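Take a look at the structure set out below.
The values are calculated or read from the model by the stated rules, or taken from the named source; none is laboratory data. This structure is a prediction, so every number in the text was calculated from the model and none was measured. Cβ placement follows ideal geometry from the backbone for every residue including glycine, while neighbour counts extend to all protein chains displayed.
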Amino acid sequence: MSKRINFNDVQPNAYDAMDALDKFVEEASIDKLHKEFIKIRASQINQCAFCLNMHTRDALKIGETQQRIFLLNAWRETDLFTAEEKALLALTEEVTLISKNGVSNATYNEAKKFFSDEVIAQIIMSTVLINSWNRIAVSTHTPIED
(Lines give C-alpha, C1' and ligand atoms only; values in the text may rest on other atoms or scores of the structure.)
Protein backbone atom coordinates (compact mmCIF):
# COMPACT_ATOMS: atom_id res chain seq x y z
CA MET A 1 0.00 0.00 0.00
CA SER A 2 1.53 3.28 -1.06
CA LYS A 3 1.38 6.27 1.23
CA ARG A 4 -0.67 9.16 0.03
CA ILE A 5 -0.46 12.77 1.22
CA ASN A 6 1.23 13.78 4.43
CA PHE A 7 -1.66 15.57 6.11
CA ASN A 8 0.64 17.68 8.27
CA ASP A 9 2.52 18.91 5.20
CA VAL A 10 -0.49 19.87 3.13
CA GLN A 11 -2.85 21.06 5.88
CA PRO A 12 -0.71 22.10 8.87
CA ASN A 13 -3.44 24.31 10.38
CA ALA A 14 -5.88 21.40 10.41
CA TYR A 15 -3.20 19.20 11.95
CA ASP A 16 -2.56 21.86 14.61
CA ALA A 17 -6.28 21.90 15.43
CA MET A 18 -6.21 18.12 15.88
CA ASP A 19 -3.17 18.49 18.12
CA ALA A 20 -5.13 20.99 20.25
CA LEU A 21 -7.89 18.41 20.70
CA ASP A 22 -5.21 15.85 21.55
CA LYS A 23 -3.98 18.13 24.31
CA PHE A 24 -7.52 18.42 25.72
CA VAL A 25 -7.88 14.63 25.74
CA GLU A 26 -4.42 14.16 27.25
CA GLU A 27 -5.35 16.51 30.11
CA ALA A 28 -8.77 14.90 30.64
CA SER A 29 -9.38 13.14 33.95
CA ILE A 30 -10.02 9.78 32.27
CA ASP A 31 -7.76 7.01 33.56
CA LYS A 32 -4.70 6.54 31.30
CA LEU A 33 -5.56 2.93 30.59
CA HIS A 34 -9.14 3.87 29.76
CA LYS A 35 -7.82 6.42 27.26
CA GLU A 36 -5.83 3.67 25.55
CA PHE A 37 -8.83 1.32 25.55
CA ILE A 38 -10.87 4.00 23.77
CA LYS A 39 -8.12 4.49 21.19
CA ILE A 40 -7.53 0.78 20.63
CA ARG A 41 -11.19 -0.25 20.43
CA ALA A 42 -12.18 2.54 18.03
CA SER A 43 -9.10 1.80 15.91
CA GLN A 44 -10.04 -1.89 15.76
CA ILE A 45 -13.51 -1.00 14.52
CA ASN A 46 -12.07 1.45 11.97
CA GLN A 47 -9.29 -0.97 10.95
CA CYS A 48 -6.59 1.64 11.46
CA ALA A 49 -3.27 -0.19 11.55
CA PHE A 50 -1.26 2.95 12.32
CA CYS A 51 -3.29 3.81 15.43
CA LEU A 52 -3.59 0.19 16.58
CA ASN A 53 0.17 -0.18 16.41
CA MET A 54 0.75 3.05 18.34
CA HIS A 55 -1.86 2.61 21.05
CA THR A 56 -1.30 -1.06 21.79
CA ARG A 57 2.35 -0.18 22.38
CA ASP A 58 1.29 2.72 24.61
CA ALA A 59 -1.01 0.45 26.61
CA LEU A 60 1.79 -2.07 27.13
CA LYS A 61 4.10 0.71 28.32
CA ILE A 62 1.66 1.69 31.08
CA GLY A 63 1.30 -1.89 32.26
CA GLU A 64 -1.61 -3.39 30.35
CA THR A 65 -1.33 -7.12 29.67
CA GLN A 66 -1.01 -8.61 26.22
CA GLN A 67 -3.91 -10.94 26.96
CA ARG A 68 -6.36 -8.12 27.61
CA ILE A 69 -5.17 -6.20 24.55
CA PHE A 70 -5.53 -9.33 22.39
CA LEU A 71 -9.07 -9.87 23.69
CA LEU A 72 -10.22 -6.26 23.61
CA ASN A 73 -12.28 -6.77 20.47
CA ALA A 74 -14.10 -9.63 22.25
CA TRP A 75 -14.56 -7.87 25.60
CA ARG A 76 -18.18 -8.99 25.93
CA GLU A 77 -17.07 -12.64 25.82
CA THR A 78 -14.64 -12.57 28.75
CA ASP A 79 -14.49 -11.77 32.44
CA LEU A 80 -11.13 -10.03 32.02
CA PHE A 81 -12.73 -6.58 31.94
CA THR A 82 -14.47 -4.84 34.82
CA ALA A 83 -18.04 -3.57 34.62
CA GLU A 84 -16.63 -0.03 34.44
CA GLU A 85 -14.35 -0.95 31.53
CA LYS A 86 -17.24 -2.67 29.76
CA ALA A 87 -19.37 0.47 30.13
CA LEU A 88 -16.50 2.52 28.67
CA LEU A 89 -16.05 0.12 25.76
CA ALA A 90 -19.77 -0.01 24.99
CA LEU A 91 -19.94 3.78 24.88
CA THR A 92 -16.81 3.92 22.72
CA GLU A 93 -18.29 1.44 20.26
CA GLU A 94 -21.63 3.18 19.99
CA VAL A 95 -20.07 6.60 19.44
CA THR A 96 -17.72 5.09 16.84
CA LEU A 97 -20.63 3.37 15.09
CA ILE A 98 -23.02 6.31 15.64
CA SER A 99 -24.73 5.93 12.25
CA LYS A 100 -26.03 2.46 13.13
CA ASN A 101 -28.24 3.18 16.15
CA GLY A 102 -26.83 6.23 17.90
CA VAL A 103 -25.94 5.86 21.57
CA SER A 104 -28.59 3.79 23.31
CA ASN A 105 -30.15 4.79 26.60
CA ALA A 106 -28.99 1.48 28.06
CA THR A 107 -25.36 2.18 27.19
CA TYR A 108 -25.53 5.79 28.34
CA ASN A 109 -27.22 4.86 31.63
CA GLU A 110 -24.65 2.14 32.28
CA ALA A 111 -21.85 4.66 31.76
CA LYS A 112 -23.60 7.04 34.21
CA LYS A 113 -23.19 4.37 36.91
CA PHE A 114 -19.41 4.77 36.74
CA PHE A 115 -18.65 8.17 35.27
CA SER A 116 -19.62 11.77 36.02
CA ASP A 117 -21.15 13.96 33.32
CA GLU A 118 -17.76 15.61 32.85
CA VAL A 119 -16.01 12.28 32.34
CA ILE A 120 -18.71 11.06 29.95
CA ALA A 121 -18.15 14.22 27.91
CA GLN A 122 -14.41 13.49 27.95
CA ILE A 123 -15.01 9.88 26.87
CA ILE A 124 -17.17 11.07 23.98
CA MET A 125 -14.57 13.66 22.92
CA SER A 126 -11.78 11.08 23.21
CA THR A 127 -13.76 8.74 20.98
CA VAL A 128 -14.51 11.49 18.47
CA LEU A 129 -10.83 12.41 18.36
CA ILE A 130 -9.48 8.91 17.77
CA ASN A 131 -12.13 8.36 15.11
CA SER A 132 -10.86 11.51 13.38
CA TRP A 133 -7.24 10.34 13.59
CA ASN A 134 -8.31 6.92 12.27
CA ARG A 135 -10.00 8.52 9.29
CA ILE A 136 -6.94 10.60 8.50
CA ALA A 137 -4.54 7.65 8.83
CA VAL A 138 -6.70 5.21 6.85
CA SER A 139 -7.54 7.63 4.03
CA THR A 140 -3.90 8.72 3.62
CA HIS A 141 -2.44 5.20 3.99
CA THR A 142 -0.24 6.31 6.86
CA PRO A 143 2.27 3.47 7.38
CA ILE A 144 2.81 1.93 10.81
CA GLU A 145 5.92 2.89 12.71
CA ASP A 146 8.49 0.19 13.46
Among residues of region 116-134, those that are over 19 Å from ALA42 (Cα atoms) and in contact (Cβ under 8 Å) with a residue 12 or more places away in the chain, counted: 1
Every residue from region 102-146 that is at pLDDT 95 or above and charged (D, E, K, R): GLU110, LYS112, LYS113, ASP117, GLU118, ARG135
Single residue of MET54, MET18 found to be over 21 Å from LEU89 (Cα atoms), surrounded by 15 or more Cβ atoms within 10 Å (Cβ to Cβ) and under 17 Å from the mean Cα position of the chain (by Cα): MET18
Criterion (in contact with a Phe, Trp or Tyr (Cβ under 7 Å, 6 or more places away or on another chain) and either under 30 Å from MET1 (Cα atoms) or surrounded by fewer than 16 Cβ atoms within 10 Å (Cβ to Cβ) (or both)) met by exactly one of ILE62, ILE136, ILE123: ILE136
Region 40-62, subset without any contact (Cβ under 8 Å) to a residue 24 or more places away in the chain and among the charged types (D, E, K, R), residue farthest from ASP146 (Cα to Cα): LYS61
Members of region 100-120 that are surrounded by 16 or more Cβ atoms within 10 Å (Cβ to Cβ) and either among the charged types (D, E, K, R) or within 15 Å of the chain's Cα centre (by Cα) (or both): GLU110, VAL119, ILE120
Where a residue in region 6-19 is more than 21 Å from ILE144 (Cα to Cα) and its partner, wherever it lies, is surrounded by 13 or more Cβ atoms within 10 Å (Cβ to Cβ), with Cβ under 8 Å and at least six apart: ALA14/PHE7
Any hit, region 27-39, residues being in contact with a Phe, Trp or Tyr (Cβ under 8 Å, 6 or more places away or on another chain), free of Cβ contacts under 8 Å to residues at least 12 places away in the same chain and either surrounded by fewer than 20 Cβ atoms within 10 Å (Cβ to Cβ) or of a type in the set (Gly, Ala, Ser) (or both): no
Condition met for THR92 (within 19 Å of ARG76 (Cα to Cα) and touching a Lys or Arg at 6+ places or on another chain (Cβ under 7 Å)): yes
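Would you call ASN73 surrounded by fewer than 18 Cβ atoms within 10 Å (Cβ to Cβ) and either within 16 Å of LYS39 (Cβ to Cβ) or in contact with a Ser or Thr (Cβ under 9 Å, 6 or more places away or on another chain) (or both)?
Yes: the conditions hold for ASN73.
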Criterion: out of contact with any Gly (no Cβ under 8 Å at 6 or more places or on another chain) and under 18 Å from ASP58 (Cβ atoms) - qualifying residue of THR96, THR142, THR107, THR82: THR142
